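Encoded as C-alpha cells, the structure appears first; notes follow it.
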Amino acid sequence: MNPRLDYYSASPKAMKAMIAMEALTSSLSIEPALLHLIKIRASQLNGCAFCTDMHSVDARRLGETDRRLYSIVVWRDSNFFNPRERAALAWTEAVTLLSENQVPDDVYEQARGQFSEGELVDLTIAVTTINSWNRLAVSFRQSPST
C-alpha cells in the first residue's frame, strides 16, 4: 500500500501540535509500559498497522514480552495482564469505540478502582492522542517499514 501523502511536510504546524501532545502524554502519570499497551490496543482497534508495529517495538525495548504483546488483542481471555492493565485496556476500548456504547458505567468503575482521578484523565488523554495518530496514519496510508 502506497502512502497518500506526507502529513509532516503537508502541514508542519498541525504536526507540531501533534508532537507536542505526544510529548505531553509521555510526561503524564501513566507508566511507559502501560502507555504502550494502550497504544497498541487502540491501534489494533483502529486498524493502524504502522502504530501497532511502532509501539510493539517500543514496548519490547522496555522489556515487554512477545507473549504478552501477542495477547493484547485477546486480553480478556488471557491471564497475562494485571487488574490495572485490564482496567486500562477496557477503558482504551471504550474510549476508542465511543460511538458504539459510549463509556459504560462498569468500565468507568473498573478504571476508577485502579486509577486516581488525575490518572484517569491522563489515561484518557493518552487514548485520545493515539487515536489521533491512528487517524492520520490510516487516512494517509502510512505503513510500517519492512
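The values are calculated or read from the model by the stated rules, or taken from the named source; none is laboratory data. A quick note: this is a predicted structure, and the numbers were derived from the prediction, not measured. As a convention, Cβ positions derive from the backbone with ideal geometry for all residues, glycine included, and neighbour counts pool all protein chains shown.
Of note:
- Odd one out for MET21 among (1) touching a Ser or Thr at 6+ places or on another chain (Cβ under 8 Å); (2) farther than 20 Å from ILE125 by Cα; (3) of a type in the set (A, V, I, L, M, F, W, C): (2)
- Within the stretch 27-115, helices (runs of 4 or more DSSP H) holding 3 or more residues that are of a type in the set (A, V, I, L, M, F, W, C): 32-45, 49-61, 83-96
- Scanning the stretch 72-128 for residues that are basic (Lys, Arg) and touching a residue at least 40 places away in the same chain (Cβ under 8 Å) yields a single hit, ARG84.
- So ARG141, is it among the charged types (D, E, K, R) and in contact (Cβ under 8 Å) with a residue 24 or more places away in the chain: yes
- Among the candidates TRP133, TRP75, the residue that is modelled with pLDDT of 95 or more and under 11 Å from the mean Cα position of the chain (by Cα) is uniquely TRP133.
- Residues of the stretch 1-51 that are among the polar types (S, T, N, Q), surrounded by 12 or more Cβ atoms within 10 Å (Cβ to Cβ) and without any contact (Cβ under 8 Å) to a residue 24 or more places away in the chain: SER11, SER26.
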